[in-house]
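The values are calculated or read from the model by the stated rules, or taken from the named source; none is laboratory data. Here the structure is a predicted model, which is why all the values come from computation and not from measurement. Heads up, the Cβs are rebuilt from the backbone with ideal geometry, glycines too, and the neighbour counts pull from every protein chain shown.
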Amino acid sequence: MAAPETSTAAVPTLYTNNTLRNAFGGVLSFFILLLIGVLAFSIRLFSVIKYESVIHEFDPYFNYRVTQFLTKKGIYDFWNWFDDRTWYPLGRVIGGTVYPGLTLTAGTIWWLLNSLNIPLSVETVCVFTAPIFSAFASWATYLLTKEVKGAGAGLTAAALLAMVPSYISRSVAGSYDNEAVAIFALIFTFSLYIKTLNTGSLFYATLNSIAYFYMVCSWGGYTFIINLIPMHVLLCIVTGRYSSRLYIAYAPLVVLGTLLAALVPVVGFNAVMTSEHFASFLVFIIIHVVAFVYYIKGILSPKMFKVAVTLVVSVGLAVCCAVIAVLIALVASSPTKGWSGRSLSLLDPTYASKYIPIIASVSEHQPPTWPSYFMDINVLAFLVPAGIIACFLPLTDASSFVVLYIATSVYFSGVMVRLMLVLAPAACITSGIALSDAFDVLTRSIKFQLPGVSSDAEVDEGETNSDTTEARNDEVKAEKPEEKSKDRPSKKSKKKEREHVEKPSAKAKVKTKAEKKRLLALPLEASVVSLLLLIVLGAFYVVHCVWAAAEAYSAPSIVLTSRTRDGLHVFDDFREAYAWLRHNTDVDDKVASWWDYGYQTTAMANRTVIVDNNTWNNTHIATVGTAMSSPEKAAWEIFHSLDVKYVLVVFGGLIGYPSDDINKFLWMVRIGGGVFPHIKEPDYLRDGQYRIDSQATPTMLNCLMYKLSYYRFVETDGKAYDRVRRTEIGKKYFKLTHFEEVFTTHHWMVRIYKLKAPKNRIRGKTMKSKSKTSSTSSSKRSGTKRNPWL
Amino acid sequence: MEKFWVIFATSIFILLPFTCNSFSLETPTDRRVLVLLDDFAIKSSHSSYFNSLRSRGFDLDFKLADDPKVALQRYGQYLYDALILFCPSVERFGGSIDVAAIINFVDSGHDLIIAADVNASDLIREVATECGVDFDEDPSAMVIDHTGYAVSETEGDHTLIVSADFIKSDVILGSKKITAPVLFQGIGHSLNPVNSLVLKVLSASPSAYSANPKSKLSTPPLLTGSAIALVSVIQARNNARILISGSLSMFSNRFFRSGVQKSGSSTKHEKSGNEQFLTEISKWVFHERGHLKAVNVKHHKVGETDEPALYRINDELVYSVEIYEWSGESWEPYVADDVQVQFYMMSPYVLKTLSNDHKGLYSASFKVPDVYGVFQFKVEYQKLGYTSLSLAKQIPVRPYRHNEYERFMPTAYPYYGAAFSTMAGFFIFSFVHLYNK
């Protein structure tokens, strides 16, 4: 579809019909963006096609439950929702502790659809929220990159973002988590900031604050924005790029943004009280000082200005010192220096593992491994440096922002796996710039070395041809070369326009331009080869992304599959267990499990839980961890004091599911031991090694988690071979005294135990197994006490 | 899958007795009593005890302990409300009854009277042990008291002893004081001091010991002094009551009628205290006394009558409960000044004594603490001799809604003033700045 259009658009190479070309370019861009949106949406549907339309993982279940509540009860009840079914008996004020953006978004979509008489269920809306917003995110990327380097780079970046695996991993259909909308909000806020920076329009500045508000509503990662933008402003000031546009881009954002952020209940006064926000206020002060200085400079003569500067600087320094001293004293007086644990672990990556086991225990808070970069951003990792260089040619306010963005996000992604997600858009933007510039240079070189004047058409023809030979009739791939060939003319026309303004004489312009371009041109063969190589690189990226979307990131994690020689095995044990709880237990019964399964239990089984994935109360989690690491009787007492009726453990030893409770157990010990010092980690380790075989410590073999996981396990294969730990377990035959097994799922992945009621009677001391001899040999009572041989 | 069903079914089967308590709330007193005897001679030799039960309306069903047709339940329904084991020497019960059946009978809320004797069988001992009572391990041991024996015509071996060391509880032994001491001849037992469910009703005197009277005492006896329990009662957690006595003969007509004189004491009672003691205690065991019920647990905000689904912090509320005691024929208001209610979340936040109106209505009014969470109204009433009351009602307490805070606080007026004056000042400044050229 697009190939003939390009050729027709490119045939009249004269600039007399620039408007026509612009119009064509605009229409093309629109359609390409539309296709990118479709691509972004559809590549995320693998999970629905391969599995089913179901909410994924852990946190999305909570969001889903909150959305259900919102759609049922309305926004005011949601705001004031005190949930008595989690964190028993403490409860949780959901309205004040949740980022409401995602919920409100999905709730609004549902409400809109319903008022249009489209009766979709809340679950369906929730499942498809993330793919829809990833399309928005790629459009926002287009807007951002367009402001930085023009529409061509914008389209390339948008296409890259639409399928970057890192983002796909958090936004496949069903992954109904905050990040699904937050990444869109993040990019959109940045793009509006750049837009304001480029235009100096107060309108965009206001929009920017509203976008920032949406981001604050959506995700705790908003602190990234409110630190990155001040950093950029500071950078601009320091490099002497202060302008009134910068002021308009920044000052309204801080004032309006902070006011709006304080409206979100979960943020509230944090917007002015915590250290995460201090940078923005400091820069706010600085930019005012700078603005004032520029103003004074404007009205004073240079000589007077110098005098004034020396005066102000000497006084100002003293005041600054005093203010900074007060600030430091204030910050230092709080124990964590005013920073929350998660933020501190960003600044000092070893902080969490040293002090907060509960943060360190979450797998997505671990630092990433090198392969995960190649997995998550693939070839972009190679294109990013080129993109950074391209940003420096020439360095504008906007491109310096991109450089800053990529630099900081690379650092953060190195601290936490989960922040790869912030890196992905930055990588896409820089790579988009790099790719677009590379194509620009290469095709231009080819064009000016080919014989004939009407080179444009041929180049485009050739380019598309080579593309189609590379592309294997894949829709996704067909779109890419197309878009590359498109953004080039539109870009060129822009350049021409610019030159047109500069130079009035058209003829002279043609000459100089042609000369200039000749000088810049690369050899023809080199250009063609590198063009082909770039296309191959792009093809690799597409293949990898589709593979990642289809195979790696689409599993909903509540349904597991494994492919063996016998065929496909489906492990639907989680839902089996939750359904059992839902149908066989009393509605007010309390279920204890490790916190990972809290959200799912409340959402799927509708039972009260003790702890859940919102790890706000370390002591409560430590209590459960202590119970799990205690012997049966002590554990029973802890659970009984919390009114627990059922205990749920996840056990993967039978089918080899590695993320089960035994593998998480050391974290329970650590977190429990952090609050209750009688639980000591070394008691569970043999020579520093965590093991459950016959070498395991007695503490380990007697703790509740071991017993609940391995109770009756020997009955499965006679040897009690654990497929995850690849060993036979240490203690195979034992009985439970205070718990009774009530349900074990088909593949033994979830086991549910009930606490036995306290004994109705207390038995006497006399042993039941009275030997017959003692009853026959009467009055030999003392004989049993003493050594009979003496 | 089938396996799970079996497990599930069995677990239900085990749990079922716990769930269906046999006391009907209306009439907790037992009606049908199965009496298992060693031989029918006991029926006549202990007739006055049985007659006193019959006269109080009990339906006694006498069976030989090894009768093959004897059964406690049929089609899952218990045929009797209580069981009297006057068969100390039985080695094996007839029919389907075994130790587990008797224990299940108790665990499903039925009452039990066991009278053991010298040479009590292992079976009876095992039942007693399950209930928390350990008879002297030596089967032929008896309680001997060389100072507190009953004076009789023949000197004897001082195994017929006299005891007046009763538990001090009007609920268990009735309000009328037992003046005459009780005659006892049989085996003693000991109780585990940490066992909170078992009560020593009649204990031996400090000079008593437990030994075989026929053999020479070679080693110090294990059970001595007032640690020896002669008669004990157990109230299980489900309020089933059990009486365990080490002597069958103390229930006999002979002991009921005989006069009693403690050695070394000049007072001679015409009639032993056995009849009064055993009759009164059987009233307690068969729930004619000391059985409480709590009904109509209500709570509401002060000034309202409807029970809310949840409270807000700092609400004033009223909690009330009606407690009645079973008098044998009807429910009478229970009057006490020590019933307390807890407002409980992991620990009691409010602990308040309920005031009563002498008509059984107990109530207390208090303020919800300034803490939100899932609370419980808890009444844990455990008083000696009474059935335990354990009421727990869950109630969430929520924080203020967003619009329940004060809208304008007087202390904040300087801030309001500052905000509005700044706004006005800014407006004027803009106006001047824009149009003053």
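In the set (1) more than 14 Å from chain A (Cβ to nearest Cβ); (2) touching a Gly at 6+ places or on another chain (Cβ under 7 Å), B:Ser355 fails one condition alone, (2). Of the helices (runs of 4 or more DSSP H) lying entirely inside region A:262-371, those containing at least 1 residues that are at pLDDT 85 or above and touching a Phe, Trp or Tyr at 6+ places or on another chain (Cβ under 9 Å) are A:270-273, A:278-299.
Here is a yes/no grid of residues against (1) among the aliphatic types (A, V, I, L, M); (2) surrounded by 14 or more Cβ atoms within 10 Å (Cβ to Cβ):
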position: B:Val368; (1), (2): yes, yes
position: B:Tyr386; (1), (2): no, yes
position: B:Leu389; (1), (2): yes, yes
position: B:Lys393; (1), (2): no, yes
position: B:Asn403; (1), (2): no, no
position: B:Glu406; (1), (2): no, no
position: B:Ala412; (1), (2): yes, no
position: B:Ala418; (1), (2): yes, no
position: B:Phe426; (1), (2): no, no
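Just one of the listed residues (A:Leu116, A:Leu104) is more than 14 Å from chain B (Cβ to nearest Cβ) and more than 26 Å from the chain's Cα centre (by Cα), and it is A:Leu116. Checking region B:196-217 against the condition returns a match, with at least one residue being in contact with a Gly (Cβ under 8 Å, 6 or more places away or on another chain), part of a loop (DSSP other than H, G, I, E, B) and within 11 Å of chain A (Cβ to nearest Cβ).
Only one entry in A:Thr258, A:Thr223 is among the hydroxyl-bearing types (Ser, Thr, Tyr), touching a residue at least 24 places away in the same chain (Cβ under 8 Å) and assigned to a helix (DSSP H, G or I), namely A:Thr223. Screening region A:172-185 for residues that are over 9 Å from the mean Cα position of the chain (by Cα) and in a helix (DSSP H, G or I) and picking the one that is surrounded by the most Cβ atoms within 10 Å (Cβ to Cβ) gives A:Val181.
Of all residues in region A:753-769 being more than 9 Å from chain B (Cβ to nearest Cβ) and modelled with pLDDT of 85 or more, which is surrounded by the most Cβ atoms within 10 Å (Cβ to Cβ)? Step by step, filter region A:753-769, then rank; the result is A:Tyr753. Kindly establish whether B:Ala120 is within 14 Å of another protein chain (Cβ to nearest Cβ) and in a loop (DSSP other than H, G, I, E, B). Spelling it out, B:Ala120 is indeed within 14 Å of another protein chain (Cβ to nearest Cβ) and in a loop (DSSP other than H, G, I, E, B).
For every residue, the table says whether it meets (1) touching a Lys or Arg at 6+ places or on another chain (Cβ under 9 Å); (2) at pLDDT 95 or above; (3) surrounded by fewer than 20 Cβ atoms within 10 Å (Cβ to Cβ).
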position: A:Tyr61; (1), (2), (3): no, no, no
position: A:Val66; (1), (2), (3): no, no, no
position: A:Trp79; (1), (2), (3): yes, no, yes
position: A:Phe82; (1), (2), (3): yes, no, no
position: A:Arg85; (1), (2), (3): yes, no, no
position: A:Tyr88; (1), (2), (3): yes, no, no
position: A:Gly101; (1), (2), (3): no, no, no
position: A:Val127; (1), (2), (3): no, no, no
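Entry remark, region B:168-177: residues being in contact (Cβ under 8 Å) with a residue 60 or more places away in the chain and either surrounded by fewer than 14 Cβ atoms within 10 Å (Cβ to Cβ) or of a type outside the set (Ser, Thr, Tyr) (or both) number 6 in total. Taken together, B:Asp122, B:Asp111, B:Asp165 contain a single residue that is surrounded by fewer than 22 Cβ atoms within 10 Å (Cβ to Cβ), in contact (Cβ under 8 Å) with a residue 60 or more places away in the chain and among the acidic types (Asp, Glu), which is B:Asp165. Scanning region A:286-318 for residues that are aliphatic (A, V, I, L, M) and surrounded by 13 or more Cβ atoms within 10 Å (Cβ to Cβ) yields A:Ile286, A:Ile287, A:Val289, A:Val290, A:Ala291, A:Val293, A:Ile296, A:Leu300, A:Ala308, A:Val309, A:Val312. Candidates are the residues of region B:231-263 that are assigned to a strand (DSSP E or B) and more than 20 Å from the chain's Cα centre (by Cα); the one that is surrounded by the most Cβ atoms within 10 Å (Cβ to Cβ) is B:Val260.
Test B:Gly425 against the stated conditions and say whether it is away from chain A (no Cβ under 14 Å) and out of contact with any Gly (no Cβ under 6 Å at 6 or more places or on another chain). Yes; evaluated as a whole, the condition is true for this residue.
Checked against the criterion of being of a type in the set (A, V, I, L, M, F, W, C) and out of contact with any Cys (no Cβ under 9 Å at 6 or more places or on another chain), the candidates B:Leu72, B:Leu36, B:Leu64 yield just one match: B:Leu72. None of A:Thr601, A:Thr608 is crowded, with 18+ Cβ neighbours inside 10 Å, touching a helix residue (DSSP H, G or I) at 6+ places or on another chain (Cβ under 8 Å), away from every other protein chain (no Cβ under 14 Å) and over 27 Å from A:Asp683 (Cβ atoms) except A:Thr601. With a requirement of 2 or more residues that are within 26 Å of A:Lys590 (Cβ to Cβ) and in contact (Cβ under 8 Å) with a residue 60 or more places away in the chain, the strands (runs of 3 or more DSSP E) lying completely within region B:326-405 that satisfy it span B:373-381, B:389-398.
On the given criteria, is A:Arg241 at pLDDT below 90 and either surrounded by 24 or more Cβ atoms within 10 Å (Cβ to Cβ) or within 21 Å of A:Val38 (Cβ to Cβ) (or both)? No; evaluated as a whole, the condition is false for this residue. Residues that are surrounded by 24 or more Cβ atoms within 10 Å (Cβ to Cβ) and closer than 30 Å to A:Val54 by Cα within region A:136-156 comprise A:Ala137, A:Ser138, A:Ala140, A:Thr141, listed in sequence order. When restricted to residues that are in contact with a strand residue (DSSP E or B) (Cβ under 6 Å, 6 or more places away or on another chain) and within 12 Å of chain A (Cβ to nearest Cβ), region B:218-232 contains 4. For region A:30-84, the tally of residues that are in a loop (DSSP other than H, G, I, E, B), more than 14 Å from chain B (Cβ to nearest Cβ) and of a type outside the set (A, V, I, L, M, F, W, C) stands at 5. Sort out which residues of region B:145-159 are buried (at least 23 other Cβ atoms within 10 Å of the Cβ) and aliphatic (A, V, I, L, M), and write them in order of number. Once the filter is applied, which keeps residues that are buried (at least 23 other Cβ atoms within 10 Å of the Cβ) and aliphatic (A, V, I, L, M), region B:145-159 yields only B:Ala150. Taking region A:543-656 as the region of interest, the strands (runs of 3 or more DSSP E) fully inside it that hold 1 or more residues being free of Cβ contacts under 8 Å to residues at least 24 places away in the same chain and under 30 Å from A:Arg726 (Cβ atoms) are A:560-564, A:567-571.
The residue list B:Phe93, B:Phe105, B:Phe62 contains one member that is away from every other protein chain (no Cβ under 13 Å) and buried (at least 19 other Cβ atoms within 10 Å of the Cβ), which is B:Phe93.
Residues that are of a type in the set (A, V, I, L, M, F, W, C) and touching a Leu at 6+ places or on another chain (Cβ under 7 Å) were ranked within region B:280-318; the one that is nearest to B:Ser330 (Cα to Cα) is B:Leu292.
All told, A:Ser630 falls short of being of a type in the set (Gly, Ala, Ser), surrounded by fewer than 23 Cβ atoms within 10 Å (Cβ to Cβ), within 19 Å of A:Met705 (Cα to Cα) and out of contact with any Cys (no Cβ under 6 Å at 6 or more places or on another chain).
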